[in-house]
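**Student:** Pasting a structure below so you can have a look.
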Amino acid sequence: MRHTKHFDKNLYNRWHRRFDNIAMVDIDQVECCQIKGCWQPLALVETAYDTGNYYKTTTITKWLGEKANIPVWLVFYKKDEIVGGDSLTFKVRQIYPIYGDLKAISEAEWVSYLRNLQHKHYLEKHCDKKDEIRTTYPVSNKDIK
């Protein structure tokens, strides 16, 4: 699902809102194990384009993260005008298990965090398919920040 087809992602949301007495929340991102056949959720992420308004409701996403015992993040992003291309800048706040301060981080730092989720999942032996990918991940906890 790395590359998705372009479509009106709000079509279903608009359809759903036409009806009374039903409710839904759109979850923006479920970071999952990259190993085919495992796919366990590793974190939930709510995203919003960075307009300078650093609020987005995360109540249900936080609740789901608590139930699944996985971290929940709120991520604001925008194009990195200095680097250009497809690069982004980020302001992130951890919502669960610790509610943290909003902090600016680089693209490399966010990617490193997401990769560390994969490493931790593998090292703690939660991956259902870990024996199939022995050489893909680091061999010690020192690689996890």
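The values are calculated or read from the model by the stated rules, or taken from the named source; none is laboratory data. The structure displayed is predicted, hence computed values, not measured ones. Glycine gets a Cβ as well: all are built from the backbone with ideal geometry, and neighbour counts include every protein chain shown.
**Student:** Just a yes or no: is a residue in the stretch 3-22 of a type outside the set (A, V, I, L, M), under 16 Å from L114 (Cα atoms) and at pLDDT 95 or above?
**Tutor:** no
**Student:** Filter the stretch 68-115 down to the residues that are of a type in the set (V, I, T) and touching a helix residue (DSSP H, G or I) at 6+ places or on another chain (Cβ under 9 Å), then identify the one that is nearest to H126 (Cα to Cα).
**Tutor:** I70
**Student:** Is it the case, given these coordinates, that K125 is basic (K, R), at negative phi and loosely packed, with under 15 Cβ neighbours inside 10 Å?
**Tutor:** No.
**Student:** Further question on the same structure: Please enumerate the residues belonging to the stretch 40-63 that are part of a helix (DSSP H, G or I) and buried (at least 17 other Cβ atoms within 10 Å of the Cβ).
**Tutor:** If the condition is that a residue be part of a helix (DSSP H, G or I) and buried (at least 17 other Cβ atoms within 10 Å of the Cβ), then T61, K62 are the ones that fit.
**Student:** Kindly provide the set of residues from the stretch 89-120 that are buried (at least 17 other Cβ atoms within 10 Å of the Cβ) and more than 16 Å from P71 (Cα to Cα), ordered by number.
**Tutor:** Answer for the stretch 89-120, where residues must be buried (at least 17 other Cβ atoms within 10 Å of the Cβ) and more than 16 Å from P71 (Cα to Cα): T89, F90, K91.
**Student:** Can you tell me which residue in the stretch 26-39 is modelled with the highest pLDDT, limited to those that are more than 18 Å from F76 (Cα to Cα) and surrounded by 12 or more Cβ atoms within 10 Å (Cβ to Cβ)?
**Tutor:** Among them, the one singled out is C32.
**Student:** Hey, another quick one. Could you run through the stretch 69-85 and say how many residues are basic (K, R) and over 16 Å from E46 (Cβ atoms)?
**Tutor:** Filtering the stretch 69-85 down to residues basic (K, R) leaves 78-79.
Narrowing further to those that are over 16 Å from E46 (Cβ atoms): 79.
The number of residues fulfilling the criteria is 1.
Table: residues versus (1) under 16 Å from E109 (Cα atoms); (2) touching a residue at least 24 places away in the same chain (Cβ under 8 Å).
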residue: Y12; (1), (2): no, no
residue: N21; (1), (2): no, no
residue: I27; (1), (2): no, yes
residue: V72; (1), (2): no, yes
residue: D80; (1), (2): yes, yes
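**Student:** Taking into account only those residues within the stretch 29-39 that are within 12 Å of the chain's Cα centre (by Cα) and either without any contact (Cβ under 8 Å) to a residue 40 or more places away in the chain or not in a loop (DSSP other than H, G, I, E, B) (or both), which is nearest to H126 (Cα to Cα)?
**Tutor:** Within the stretch 29-39, the match that is nearest to H126 (Cα to Cα) is C32.
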